[in-house]
Amino acid sequence: MDEHCDDPPILSSKKGPSCIRSKRDSGPDLRRDVERLRVSLEVERSRNRQAHRRFSLEVRRHRDEAREEQERALRDLTFRLEQQKTLELLRQRETLGRERAAEVRRLLRWRSRDEKRTENLTLRQTQEVKRQLADEIAGIGRTTGVQGLKPGCKGNGDKPSLAQRLEVNGSTLLRALHGAKHPALTETWPVVFKP
């Protein structure tokens, strides 16, 4: 026999030393070794399956955690975006409110100035009419650009002068108050205009 016979048997498809061949021939020891190796192989396969299941579960758990993290990040980003949009809308509303208030103030100033101008114009016109009325009543008057009447004029065609209208209205009032016996009504009044 060889000196290598004390070594454990090596399973190989190649032909090995002569001691391996001799151990193959020794049946029960070899069968026990094969059975032992088969059992250890099954144990190793079972461990591998368990490790594979464990790693698969761990990978699935990591994927679920990653998906949940992505969904949480998406929700956070969506919430922030909505907050930014809301803040931007509030800022725009405030800006529009300030612009609207400024426009209203400007329009109110313009309206106030316009009303003052109109009031001043009306006041001037009223003063001018009062002056003209006073001039016509007093007979002093000055020539008016509208009718072209001169002081003391009795009217312009079919239109009576202001003095004539006052006389008619005055006599109507005196008759209503005192009747036909008032001394001012006994005089003859030129009545051109009747109300």
Worksheet item: Does Leu133 qualify as being in contact with a Leu (Cβ under 8 Å, 6 or more places away or on another chain), surrounded by 10 or more Cβ atoms within 10 Å (Cβ to Cβ), among the aliphatic types (A, V, I, L, M) and within 30 Å of Val168 (Cβ to Cβ)?
Response: yes
Fill in: region 84-142: number of residues that are closer than 30 Å to Glu167 by Cβ and among the aliphatic types (A, V, I, L, M)
7
Worksheet item: Does Arg72 satisfy being of a type in the set (Lys, Arg) and modelled with pLDDT under 95?
Response: no
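The values are calculated or read from the model by the stated rules, or taken from the named source; none is laboratory data. Not measured: the values here are computed from a predicted model. Counting neighbours? That spans all protein chains shown, and the Cβs are built from the backbone with ideal geometry, glycine included.
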